[in-house]
Amino acid sequence: MHEQDKMTTHPEMPSHLQAEYSLLHLQAGASLAEVRTRYRELVKLYHPDAGGHHAYFVALQQAYERVVDYLQRHG
């Protein structure tokens, strides 16, 4: 692998978190800052007080917590 390829290659998405990444509309290799930004955008759209469905909102929260926990541990 060339040095340039190393810089542009993103780590693979953990297989056990694929559903969470999908729910949060994230790409593999998303940074913690990107995860937080995306989560805030989705919360504004899908919060029950803004007309969103409670179950979907809870699923977003749980997905966010799992992804953040993973990224903080594997950093």
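The values are calculated or read from the model by the stated rules, or taken from the named source; none is laboratory data. Every value quoted in this text rests on a predicted model; they were computed, and no experiment measured them. Here Cβ is always computed from backbone atoms with ideal geometry, including for glycine, and neighbour counts include all displayed protein chains. The protein model used for the area step is the full one, side chains on, heavy atoms only, and it has no ligands, DNA or RNA in it. Shrake-Rupley method; radii C 1.70, N 1.55, O 1.52, S 1.80 Å.
Of the residues making up region 16-45, those that are open to solvent by less than 100 Å² (accessible area, probe 1.4 Å), at pLDDT 95 or above and more than 16 Å from Arg66 (Cβ to Cβ) are Ala33, Thr37, Glu41. Among the residues of region 52-75, those identified as open to solvent by less than 70 Å² (accessible area, probe 1.4 Å) and of a type in the set (Gly, Ala, Ser) are Gly52, Ala55, Ala59, Ala63. For region 59-75, a residue qualifies if it is polar (S, T, N, Q) and over 17 Å from Pro48 (Cα atoms), and exactly one does: Gln72. Cβ-Cβ contacts under 6 Å between residues 6 or more apart (or on different chains), taken from a first residue in region 48-75 that is part of a helix (DSSP H, G or I) to a second residue that is hydroxyl-bearing (Ser, Thr, Tyr) and surrounded by 14 or more Cβ atoms within 10 Å (Cβ to Cβ), are listed as Tyr56/Tyr46; Phe57/Tyr46; Tyr64/Tyr39. Mind telling me which of the residues Glu65, Glu12 ends up being modelled with pLDDT of 95 or more and not aromatic (Phe, Trp, Tyr)? Of the residues listed, the single one that is modelled with pLDDT of 95 or more and not aromatic (Phe, Trp, Tyr) is Glu65.
Please go through region 26-59 and pick out each residue that is of a type in the set (A, V, I, L, M, F, W, C), within 18 Å of His16 (Cβ to Cβ) and in contact with a Phe, Trp or Tyr (Cβ under 8 Å, 6 or more places away or on another chain). Matches in region 26-59: Ala28, Ala30, Val35.
Of the residues screened, Glu34 is one that is free of Cβ contacts under 8 Å to residues at least 12 places away in the same chain, within 14 Å of Met13 (Cβ to Cβ) and not hydroxyl-bearing (Ser, Thr, Tyr).
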